[in-house]
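Engineer: Below: one structure in structure tokens.
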Amino acid sequence: MSQDNRGNGRRAGAGRRRRKPAASRRAVVIAAWTAAGVVLLGGAGLGYFYFKFNGNLKTVDIDAALGKDRPQNVDNGSMDILVLGSDSRGGANGDYGQDDGGSARSDTAMIVHLNEGHTKATVVSVPRDTLVTRPSCKTSNGKTDEGGTRKMFNESFTVGGAACAVATVEKMSGIRMDHYLEVDFTGFKQIIDKLGGVEVTTTKPIKDDYSHLDLPVGTNRLSGEQALGFVRTRHGVGDGGDLGRIQLQQAFIKALIKQVKSIGVFDNPKKLLDVADTATKAITTDKALGDVKSLMGFAQGLQGISPENMQMITLPVAGDTRDPNRVVPLTKESKMVWDALLADRQVPAEATANSAGDKGTAGAVVR
């Protein structure tokens, strides 16, 4: 079995510039953290609220930060988005539980690939403890961090924020990210509460003192606090590691997508506005998505993608031979994943057959 911790280099000339997709299908993302995009549907023509919601949004200019040293765009109509859940303990986030991973790190990372027609999605979760090659990045104080090999994936966000996280993903995958979306702890909780909660059905009880989660067997409607505990829990399921947590996150995404159209948001204008206000305050996007009109495109495209049309995998990894608390990408299998996304096709089953991420049992806890 082949493995290393260097990541895959960028493949120059991987494609040409993308053609602009149809207006009704542009800029879509599927991920647990992106309920923000879903709830913006229906807001066209709201006048005052456009200005209000635009004022809520926070943006980061990824293109300006990274310059030209990036993979080329692929001219096949597909789209790739890096979605991060930030575990910063700043501000209101400090009220939530014990810090199990340091401040201002990407607690959750997903690369979301939308096919040419935006009718299917592939979501690749990257374990936070993955050892990768981190490129040099500008730090918040204007200095340069030179990066290097055997760097933990989620530290890229700590070192250089969104731009460094994007650069690291592009370095390891050879795929240019079209967009960036980030939601923090407090924002995620508030969005779920405004939605009225999300139902999940558990086959085993889940109890985790670290994430304050205590769920009995059966159907549970999760509040925002419980939902955050659910997507963050490690100790309550499986072997207590990050790979089990990813399986729960993927199960939550599917539960959220199944329910978002049936929980009354789109039929209740006041509820819609409340959720949209909360969502736009909770997210940070790249500059191209930093207005309500662009996010409307996000939301409209989500309508055509169901859980049945989503392929959800974890980046193929194996335990690091030098540090049992870390994992490294499987070279051959990871290349199969990135090649599939570049070619706009489904990731083959053999890419994940030998991955530690697919051998856990945490996913069976939810149905």
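Engineer: I want to check the label-to-label distance for Asp274 and Arg367. Put each point 7 Å from Cα in the C-beta direction and report it in nm to one decimal.
Structural biologist: 3.4
Engineer: A further question on this structure: If the chain between Met336 and Ala353 were fully stretched, how many nm would it gain, using 0.36 nm times the residue separation less the Cα-Cα distance?
Structural biologist: Value of the extension gain: 4.9 nm.
Engineer: For labels at Asp323 and Asp61 in the simple 7 Å Cα→Cβ model, what's the distance in nm?
Structural biologist: About 3.5 nm separates the two model spin labels.
Engineer: Please calculate how many Å² of accessible area region 197-247 carries per residue, with a 1.4 Å probe and no DNA, RNA or ligand atoms counted.
Structural biologist: About 40 Å² of surface per residue is accessible.
Engineer: If packing is taken as the mean number of other Cβ atoms within 10 Å per residue, what is the order of 336-343, 176-183, 307-314, highest first?
Structural biologist: 176-183, 336-343, 307-314
Engineer: Of the cross-linked pairs Lys189/Lys258; Lys204/Lys281; Lys120/Lys293, which ones have a Cα-Cα span greater than 25 Å in the structure shown?
Structural biologist: Lys204/Lys281
Engineer: Here's a follow-up. To the nearest 0.05, how large is the calculated FRET efficiency for Lys204 and Gln259 if R₀ is 25 Å and r is the Cβ-Cβ distance?
Structural biologist: Between Lys204 and Gln259 the formula returns 0.70.
Engineer: Would you mind putting 208-218, 140-150 in packing order, based on average other-beta-carbon counts within 10 Å, highest first?
Structural biologist: 208-218, 140-150
Engineer: I would also like to ask the following. In Å, what Rg and Dmax follow from the Cα atoms of region 151-198?
Structural biologist: Reported Rg and Dmax, both Å: 14.1, 39.
Engineer: Tell me the Rg and the Dmax, in Å, that the Cα atoms of region 120-242 produce.
Structural biologist: 17.6, 51
Engineer: Quick one: if the Förster radius is 22 Å, what FRET efficiency do Ser136 and Lys287 give, using the C-beta to C-beta distance and rounding to 0.05?
Structural biologist: 0.50
The values are calculated or read from the model by the stated rules, or taken from the named source; none is laboratory data. Note that this is a predicted model, so its numbers are computed, not measured. For neighbour counting, all protein chains shown are included, and Cβ atoms are generated from backbone atoms with ideal geometry for every residue, glycine included. Each accessible area value is taken on the protein alone, full model and side chains, heavy atoms only, with ligands, DNA and RNA left out. Shrake-Rupley method; radii C 1.70, N 1.55, O 1.52, S 1.80 Å.
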